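Structure, as structure tokens:
No lab work stands behind these numbers, since they all come straight from the coordinates. What you are looking at is a predicted structure, and each value in this text was computed from that prediction instead of being measured. We place every Cβ from the backbone using ideal geometry, glycine too, and count neighbours over all the protein chains shown.
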2 protein chains.
Amino acid sequence: MKNMALIVQKYGGTSVGSPERILAVAEKVARRRASGDDMVVVVSAMSGETDRLISLAKSVNPQAPARELDVLISTGEQVTIALLSMALERRGCAARSYTGSQVHIRTDNSHGKARIIDIDDARVRDDLGKGRVVVIAGFQGVDEDGNITTLGRGGSDTTAVAMAAALKADECQIYTDVDGVYTTDPRIVPNARRLDRITAEEMLEMASLGAKVLQIRSVEFAGKYRVPLRVLSSFEEGPGTLITYEENEMEAPLISGIAFSRDEAKVTVRGVPDKPGIAARILGDIGSANINVDMIVQNVGADGTTDFTFTVHRGDYRQALEILKKTAGQLAAREVTGDDKIAKISVVGVGMRSHAGIASTMFKALADESINIQMISTSEIKISVIVDEKYMELGVRTLHAAFGLDKQPTAGR
Amino acid sequence: MKNMALIVQKYGGTSVGSPERILAVAEKVARRRASGDDMVVVVSAMSGETDRLISLAKSVNPQAPARELDVLISTGEQVTIALLSMALERRGCAARSYTGSQVHIRTDNSHGKARIIDIDDARVRDDLGKGRVVVIAGFQGVDEDGNITTLGRGGSDTTAVAMAAALKADECQIYTDVDGVYTTDPRIVPNARRLDRITAEEMLEMASLGAKVLQIRSVEFAGKYRVPLRVLSSFEEGPGTLITYEENEMEAPLISGIAFSRDEAKVTVRGVPDKPGIAARILGDIGSANINVDMIVQNVGADGTTDFTFTVHRGDYRQALEILKKTAGQLAAREVTGDDKIAKISVVGVGMRSHAGIASTMFKALADESINIQMISTSEIKISVIVDEKYMELGVRTLHAAFGLDKQPTAGR
């Protein structure tokens, strides 16, 4: 006999982008409800709706106050909850819709990027007890003065995770337009494999490196409350990828995936005096210009000087180079160089903590293909290298094969 | 020195139908605020928006549950309050938007046709005290369980009046696409005159007769709480028409306006037995078919029989005639006749209570133009006649002139 579970599902804007798709979601939810599970469904605004509302706002006030923007934009999800509840009721499935404010998703008052403080789940539990599917507007909440707030773009994932945490749900299922997390991008490596499981730590490293499946904040949030999180496709059947919080590294594979990014550029100052405060001085000028810096590498120098290299977003390359030339002049540095035809490739895996051989396997595989490594940077569960942009696809494919990612691992996942 | 006043204004869907119109409303409101008055503004959904939402609902569920329809449709006004507040802020005019639920417009739980029970005005007063314009979503409220309700179409007028009553506002100004209440339709009588004042009683008789400027419910509501109500144009400057609750008929003109309706048809049963219960029997069968009856006339008969005539909406004429033929057969009536080429013309005025000569002036004016009167019906402040449809315009013009409505009255209004 099947045990009844409490499931929180979240459907994004594309999944509810038209009446037909809303009816398809209703079908999926109603089937699961009919199988006996208690269902809470969090939805985003229909795709395109948020942009339509923002453009209306701009037409009356290009600097619209954040409080009123939240009042406006929150109507997007309110439309979806009503339509999905109607679609469920049409199938004979009892449903109730709630705005963020109605189910007391209490947030701070940072309009447009509010953080959830507390959820009062009494009303939701009451409805679940009566056999109803509860449909909740994602992305929105209410501050202590009753003002409508929004969590910022992508915040519906966070709503779902927070609701799952409050209800101690058995699983929080995030439906998207991909069917899970892959070992790398299938467009580059055709035999990339969907992972059945991935740890939250790995997921965070993968996400920030471009494998953008889930909002980073919602993964962090899920980790904090140990909410079992699953990524699935709205459009295809399949088990998706489960995000776990296992500490047991014995069963973990060495490497879970290969992430990469093409939007990179690097700038180098050569021959700067090797004394305290130089790095801060160089990065200070860059930071003041609101340029984000990703990798930073400084090597030990000779003759009392050192070389300092960092990477920036490719769009910031020209500006970074100019700023750096000015700083270099003041520091009496020898030379400033740069390259905006580079790419970053990273191998990610919690297993590497206990396996020193990962780096050498990685570097040897790249060397065998004559791919020169320009920079190296490492974290506890990630090794990133910068290579010439033209080698990016070859590098990703080479590493995917070198770590056997196309094969089902023999370890426990 | 000008005394500061508290003004509640209401702008309908056409008045806020585009970003440009919302900016124009903001301009008007901000100017008045700058002159020192405290301002509360109630708005409807942008024109077309409610219909768009209803058609979305139909596409997922032709029998959408009323609760969810209210969740959906209430987003229309929520969009407008946000946009108007943004537009006001752009002009440097501090503003705050509130949904019906945020300012506790408490209603019963009749979704789609809810009635206002109570308004908690603390929040509005607090904002007014801080010099803010308060922008409130019309047409919506919240029941005691926190569910969103709507007051039904046109309910934004009622929201404005209820808010004005709760705040004891100095005036409630309803902005529409006409610039006031006229002595009759200017399309028929070019020298029809805008009334500076009209009593609520007259307004109700005018409204139900086709001069549809305000929702009847909001006028009744305003009368109950003696809220000074003014109808003005969103698109033209002008003082509009003030709706009053004066008891002093000394200053009232005899007649305030001429109302008319072309959507009429009459049916007559001749020679029915003149005994108790006959009228009830005849109207009972009509009522069971959900046909609304307007005027009813029964004359004293001869030979123990009587003739019985009533008017119905022209669209119900055929059905009414058929039902009546069946009933007439059972009652052994002599004959059933009908005519769907008729019109109703009414003269309305609180002054007629004390002036018996109105009816004879009316009938003589029509006779002078050889317009035959087919039916007569009177109420305390109204006399209605049925005439051949082809005489409607002539009849209206004749009566408008006969009662001197094109001239400014010498009495106090």
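Values computed for the structure shown
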item: Calculated [θ] (222 nm, deg cm²/dmol) that DSSP helices of n ≥ 4 give over the protein assembly as shown, each run adding -39,500 (n - 2.57); result: -10500 deg cm²/dmol
item: Shielding by partners - mean other protein chain Cβ count within 10 Å, residues of B:57-70; result: 6
item: Alpha-carbon Debye profile of the range A:295-401, log10 I(q)/I(0) at 0.17 Å⁻¹; result: -0.91
item: Sites B:Ala289 and B:Thr378, calculated FRET efficiency, Cβ-Cβ separation with R0 22 Å, nearest 0.05; result: 0.20
item: Spacing of the two label points (7 Å from each Cα toward its C-beta) at B:Ser370 and A:Ile117, in nm; result: 8.3
item: Inverse mean reciprocal Cα-Cα distance (Kirkwood Rh) of chain A, Å; result: 23.6
item: Local electrostatic count, B:Glu77, Cβ distance below 12 Å [Lys/Arg +1, Asp/Glu -1]; result: -1
item: Label-to-label distance, nm, for residues given as A:Lys224 and B:Ala401 (7 Å Cα→Cβ offset); result: 8.1
item: For the range B:91-116 and the range A:320-376, distance of Cα centres in Å; result: 58
item: Straight-distance crosslink candidates among lysines, where the alpha carbon sits under 24 Å from B:Lys266 and sequence neighbours closer than 8 are dropped; result: B:Lys212, B:Lys275, B:Lys325, B:Lys326, B:Lys341, B:Lys344, B:Lys364, B:Lys382, B:Lys390
item: Nearest-first distances (nm) between copies at B:Lys390, label 7 Å from Cα via Cβ; result: 9.3
item: Between 0 and 90°, nearest 10: helix B:75-90 axis offset from chain B longest Cα axis; result: 50
item: Shielding of B:89-99 by partner chains, average beta-carbon count, 10 Å; result: 4
item: Cβ charges +1 (Lys, Arg) and -1 (Asp, Glu), total dipole of chain A, debye; result: 460
item: Mean Cβ neighbour count within 10 Å, used as a protection proxy, ranking B:231-240, A:288-297 highest first; result: B:231-240, A:288-297
item: Trypsin sites (Lys or Arg not before Pro) lying in DSSP loop within the range B:1-91, provided at most 15 other Cβ fall within 10 Å; result: B:Lys2
item: Burial ordering of A:Tyr182, B:Tyr391, B:Tyr245, A:Tyr11, fewest other beta-carbon atoms within 10 Å first; result: B:Tyr245, B:Tyr391, A:Tyr182, A:Tyr11
item: Among A:Leu69, B:Ile117, A:His111 - extreme Cα towards positive end, dipole of the protein assembly as shown, charges at beta-carbon; result: A:Leu69
item: Ascending list, in nanometres, of distances separating the A:Lys341 label from those of the other copies (7 Å, Cα toward Cβ); result: 8.9
item: Relative pair counts by distance (%), Cα atoms of the protein assembly as shown, 20 Å bins; result: 13, 32, 29, 16, 8, 2, 0
item: Shielding by partners - mean other protein chain Cβ count within 10 Å, residues of A:73-79; result: 5
item: DSSP bridge pairs, chain A: antiparallel proportion in percent, nearest 5; result: 60
item: Neighbour-count ranking [beta-carbon atoms within 10 angstrom, fewest first] of B:Ile282, A:Ile117, A:Ile188, A:Ile383; result: A:Ile117, A:Ile188, A:Ile383, B:Ile282
item: For the range A:6-176: span of alpha carbons on each principal axis (Å, largest first); result: 49, 33, 22
item: Where rotation carries A onto B, the chain A residue whose Cβ is nearest that axis, in whole Å; result: A:Thr75, 2
item: At 7 Å out from Cα toward Cβ: A:Gly92 inter-copy label distances (nm, ascending); result: 6.5
item: Distance between modelled label sites at A:Arg31 and B:Lys326, nm, 7 Å Cα→Cβ extension; result: 4.9
item: Debye, to nearest 20: dipole size of the range A:257-402, +1 on Lys, Arg Cβ, -1 on Asp, Glu Cβ; result: 120
item: Count of Lys pairs (Cα-Cα under 23 Å; at least 8 positions apart or interchain) in the range A:6-176; result: 8
